[in-house]
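Report on the structure given below.
The values are calculated or read from the model by the stated rules, or taken from the named source; none is laboratory data. These figures come from a predicted structure and were not determined experimentally. Ideal geometry is used to build each Cβ from the backbone, glycine not excepted, and the neighbour counts take in all protein chains shown. Side chains are part of the model used for accessible areas, which takes the heavy atoms of the whole protein and leaves out ligands, DNA and RNA. Shrake-Rupley method; radii C 1.70, N 1.55, O 1.52, S 1.80 Å.
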Amino acid sequence: MSDISRFAVIGAGNGGKAMAAHLALMGFDVSLYNRTYAHIEIIAKRGGIDLESYEGGPKGFGKIRIVTDDIGTAIKDAQVIMVVLPSSAHAEIAHKIACHLKEGQTIILHPGRTLGAIEFDVILRRSGCNVEVNVAEAETFIYASRADGPAQARIFRIKEAVPLAALPAVKTPLVLEQIRVAFPQYIDGVNVLHTGLNNMGAIFHPALTILNAGWIEATHGDFQFYIDGVTPSVARVLEILDRERVTVASALGIRARTALEWLELAYNVTGETLYDRIHNQTGYYGIKAPATLNHRYIFEDVPMSLVPIASLGERYGVSVNGINSVIRLACIIHRTDYWRRGRTLEKLGIKDLSVSELTTYVTTGWKDIESFNG
């Protein structure tokens, strides 16, 4: 399956433009979809995207074969569909593409956040998709990137190893082989519970934003988010949230990485506490806070990361008081019921599964659950 040559990229934001241009520069046939045509009109007129990057990284003009706001046209001939959108848009995209999918196509969420692949698969089935497709998710986004203009993208860094898991996990080797030539950086992420519960953005983004709400509104984000915003007290809150996430994973038989371990693994920083390690991470210096509280760190990460983690905790007997507190504060600040909008086990149709049944589902699929139940 390593002869994959046609990709569709769904989403033309910072990440989508970078991925589309990079794929095109590697010689792949690429189509690019965005729901608002005005955002991709210049790309369509120019026939592609100019890509800049770090020394030795990919650079040049990436020719995009199809640029469209018609999702059926975008994915018609694609072998692999790369969804590069905020996870709060995954449900809408699943519903839109359900009737257009063909047997054997692969969809990868970049990233899935928490329970993203499960939500996507459930909505495909509920929307009438009756062909066999592969759904997978990445643990994090492979690029650090930004858009330099309407038809320009810049890559600052490409991660060296990114866990990826298919649903069910028995399909992961197939998906990795399909994208191996384009992206050898993807590695086996075990299953989608592992990729979803190793979601570090769930810990760092919402709480840090909410605990600095006054400062963000007073200065419009004119301070160093991770350095000025992470005081010893804020770091202690983050440690509690992280402990709850790791405990939820443990209840499911998963050894999740702690935030301390992740910082050492990703950035080679040390320190006894989370406060120490964040402040020892030189890459965090200079990163400004969000300019507003109407930011994806809340409206995406709360319903698509914290809510599913809390839902798993409550179902399998883990106290998630800290996480629930952050969710509640987010609801108050945004005057929104993020529990209703978020990925709960009930909404995903898996609230009645035992731990062993849930593990079977993400490992080998629904049919084996039916066999498991006799």
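A few remarks follow.
- 1.4 Å probe accessible area per residue over the chain, in Å²: 42 Å²
- Prolate/oblate/rounded label for region 184-226 (Cα gyration tensor, a/c 1.5): prolate
- Converting phi to 3J(HN,Hα) with the Karplus coefficients 6.51, -1.76 and 1.60 and the offset θ = phi - 60°, region 152-162 yields 10, 9, 9, 9, 8, 6, 10, 5, 7, 8, 10 Hz in sequence order, with x at every glycine or proline.
- Note on the chain: dipole from Cβ charges, positive end direction compared against A151, L193, H334; the farthest Cα belongs to A151.
- Rg to Rh, two decimals, where region 182-263 supplies the alpha carbon set and Rh follows Kirkwood: 1.07
- Kirkwood Rh in Å, taken over region 250-337 so that all alpha-carbon pairs contribute: 15.2 Å
- Dipole magnitude for region 224-325: computed about the Cα centre from +1 point charges on Lys and Arg Cβ and -1 point charges on Asp and Glu Cβ, it is near 160 debye.
- Residues V302, V170 ordered from highest to lowest accessible area at a 1.4 Å probe: V170, V302.
- Förster-model FRET efficiency, 35 Å R0, Y267 and T336, C-beta, rounded to 0.05: 0.60
- When only alpha carbons are used to place a centre, region 250-288 and region 65-125 end up 31 Å from one another.
- Dipole of the chain, positive direction: furthest Cα of H295, Y37, L109, with charges on the beta-carbon: Y37
- Take the Cα of W215, step 7 Å toward its Cβ, do the same at A38, and the gap between the two points is 3.6 nm.
- Region 1-121 - charge dipole about Cα centre, Lys and Arg +1 at Cβ, Asp and Glu -1, debye rounded to 20: 220 debye
- Pair D148, E92: separation of 7 Å Cα→Cβ label points (nm): 2.9 nm
- Applying the Karplus relation 6.51 cos²θ - 1.76 cosθ + 1.60 with θ = phi - 60° to region 41-48 yields 3J(HN,Hα) values of 4, 5, 4, 5, 5, 7, x, x Hz, where x marks Gly and Pro.
- Shape category assigned to the chain from the gyration tensor of Cα positions, a/c cut at 1.5: oblate
- Pairwise FRET efficiency - K45 versus S127, Cβ, R0 = 35 Å, nearest 0.05: 0.60
- Of the GluC sites (Glu not before Pro) in region 85-164, the ones in a loop by DSSP (not H, G, I, E or B) with at most 15 other beta carbons within 10 Å are E103, E132, E160.
- Shape analysis of region 1-131 yields a ratio of the Cα radius of gyration to the Kirkwood radius, Rg/Rh, of 0.97.
- Along region 229-245 the Karplus relation, 6.51 cos²θ - 1.76 cosθ + 1.60 evaluated at θ = phi - 60°, assigns HN-Hα couplings of x, 9, 8, x, 5, 4, 4, 5, 5, 4, 5, 5, 4, 5, 4, 5, 4 Hz to successive residues, with x for each Gly and Pro.
- Distance in nm between pseudo-label sites at I240 and I187 (7 Å out along the Cβ direction from Cα): 3.4 nm
- Cα-based reach from K96 at 15 Å (exclusive), listing aspartates and glutamates while leaving out same-chain residues under 8 positions away: D69, D70, E119, D121
- Gyration tensor (alpha-carbon) shape descriptor, region 107-255, a/c threshold 1.5: prolate
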